[in-house]
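Right, one structure below, let's go through it.
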Amino acid sequence: MKKVVLLMLSLFLLGGCASEADLSNQVLTLLQEKSMLEPFNDTNMSKKYFSYYLPRDVGRGTGNSLSGVYLKDGYKFVMNLDASQIIIDEYYTEAPAEPVSEVQMETSPAGMVYQGSYINTAEETKNYTLRLEKLTDGYYYIDLAASELRFYSIVPYTEIKSLLNCMLTIMQSVKVERQLILNDFSLKSATAQQQQNLDYLNEEVPVDGYIKDLVEK
């Protein structure tokens, strides 16, 4: 009986590892495929400071001029444009970061971290960082940060690939009104606006306080 229990436990642990490895491979493949695709030059959504392409199967929720809450297959995700980062890039950064030549992946106590690059609608090469962190009950925290853009969500394992594909499509399609942002914001006011956005988005995420706490850390 004892041997049977140990065997079942071993199979369970191996199955868990296999699931993690399978997820990692799926995400890596998706990122590699998306990096080779041209962005959507046509946009169907517009805010004051940026426009973008929103896939037809994505619903819109509340939002403001720099942020939005969306619904994909019953799960919320948020997108935020960081005006302060645009100001920093314009006035305080001497040279842009070197593009990541190919998708890189590493594991850490905080989860799986991927780094890569993509070409946006302005034909600029931008780097991004994707972090997947396993929570409880089979849910994962998704944090996709790309230059001045950031996407967040908390979804079950089965929804990760679909939602991530949606986020990447939007990310590549975004057209930012940089000069308008530079005209309308100082670094101080943009930083204050970013904090207001985080407070607002914090009210919309599935786990109360989770995104805000992670960002502040």
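The values are calculated or read from the model by the stated rules, or taken from the named source; none is laboratory data. If you're wondering where the values come from, they're calculated on a predicted model, not measured in any experiment. Cβ: placed from backbone, ideal geometry, glycine included. Neighbour counts: every protein chain shown.
Might you let me know whether region 5-20 holds any residue that is within 22 Å of residue 131 (Cβ to Cβ), at pLDDT below 90, surrounded by 18 or more Cβ atoms within 10 Å (Cβ to Cβ) and charged (D, E, K, R)? Outline the logic, then answer.
Step one: list which residues in region 5-20 are within 22 Å of residue 131 (Cβ to Cβ), which gives 16-20.
Retained after the next criterion (residues that are at pLDDT below 90): 16-20.
With surrounded by 18 or more Cβ atoms within 10 Å (Cβ to Cβ) added as a condition, the list becomes none.
No, there is no match, as no residue in region 5-20 is within 22 Å of residue 131 (Cβ to Cβ), at pLDDT below 90, surrounded by 18 or more Cβ atoms within 10 Å (Cβ to Cβ) and charged (D, E, K, R).
Just one of (1) aliphatic (A, V, I, L, M); (2) within 13 Å of residue 82 (Cβ to Cβ); (3) loosely packed, with under 15 Cβ neighbours inside 10 Å; (4) at pLDDT 90 or above fails for residue 174. It is (3). Within region 95-105, being in contact (Cβ under 8 Å) with a residue 60 or more places away in the chain and buried (at least 18 other Cβ atoms within 10 Å of the Cβ) holds for one residue alone: 103. Considering only region 35-46, I want to know if a residue exists there that is modelled with pLDDT of 90 or more, within 29 Å of residue 196 (Cβ to Cβ) and either outside any loop (DSSP other than H, G, I, E, B) or in contact with a His (Cβ under 7 Å, 6 or more places away or on another chain) (or both). Within region 35-46, one or more residues are modelled with pLDDT of 90 or more, within 29 Å of residue 196 (Cβ to Cβ) and either outside any loop (DSSP other than H, G, I, E, B) or in contact with a His (Cβ under 7 Å, 6 or more places away or on another chain) (or both).
Does residue 152 meet the test of being buried (at least 22 other Cβ atoms within 10 Å of the Cβ), modelled with pLDDT under 95 and out of contact with any Lys or Arg (no Cβ under 8 Å at 6 or more places or on another chain)?
Values: buried (at least 22 other Cβ atoms within 10 Å of the Cβ): yes; modelled with pLDDT under 95: yes; out of contact with any Lys or Arg (no Cβ under 8 Å at 6 or more places or on another chain): yes.
Here the answer is yes, as residue 152 does meet what is asked.
Taking the criterion of being without any contact (Cβ under 8 Å) to a residue 24 or more places away in the chain and either over 20 Å from the mean Cα position of the chain (by Cα) or part of a strand (DSSP E or B) (or both), the residues of region 70-90 that qualify are 70, 71. Among the residues making up region 32-76, those that are aliphatic (A, V, I, L, M) and surrounded by 15 or more Cβ atoms within 10 Å (Cβ to Cβ) are 45, 54, 58, 66, 69. Is at least one residue of region 102-112 part of a loop (DSSP other than H, G, I, E, B), modelled with pLDDT under 85 and within 27 Å of residue 192 (Cβ to Cβ)? No, region 102-112 has no match at all. The residues listed here are 118, 92; of these, the one that is out of contact with any Leu (no Cβ under 6 Å at 6 or more places or on another chain), of a type outside the set (A, V, I, L, M), surrounded by 17 or more Cβ atoms within 10 Å (Cβ to Cβ) and modelled with pLDDT under 90 is 118. For region 155-169, which positions are of a type in the set (A, V, I, L, M) and either under 18 Å from residue 83 (Cα atoms) or surrounded by fewer than 21 Cβ atoms within 10 Å (Cβ to Cβ) (or both)? Residue satisfying the conditions is 160 alone.
When the residues of region 121-141 are filtered to those that are among the basic types (Lys, Arg) and either within 13 Å of the chain's Cα centre (by Cα) or under 22 Å from residue 37 (Cβ atoms) (or both), the one that is surrounded by the most Cβ atoms within 10 Å (Cβ to Cβ) is 126.
Residues that are in a helix (DSSP H, G or I) and acidic (Asp, Glu) were ranked within region 146-195; the one that is nearest to the chain's Cα centre (by Cα) is 159.
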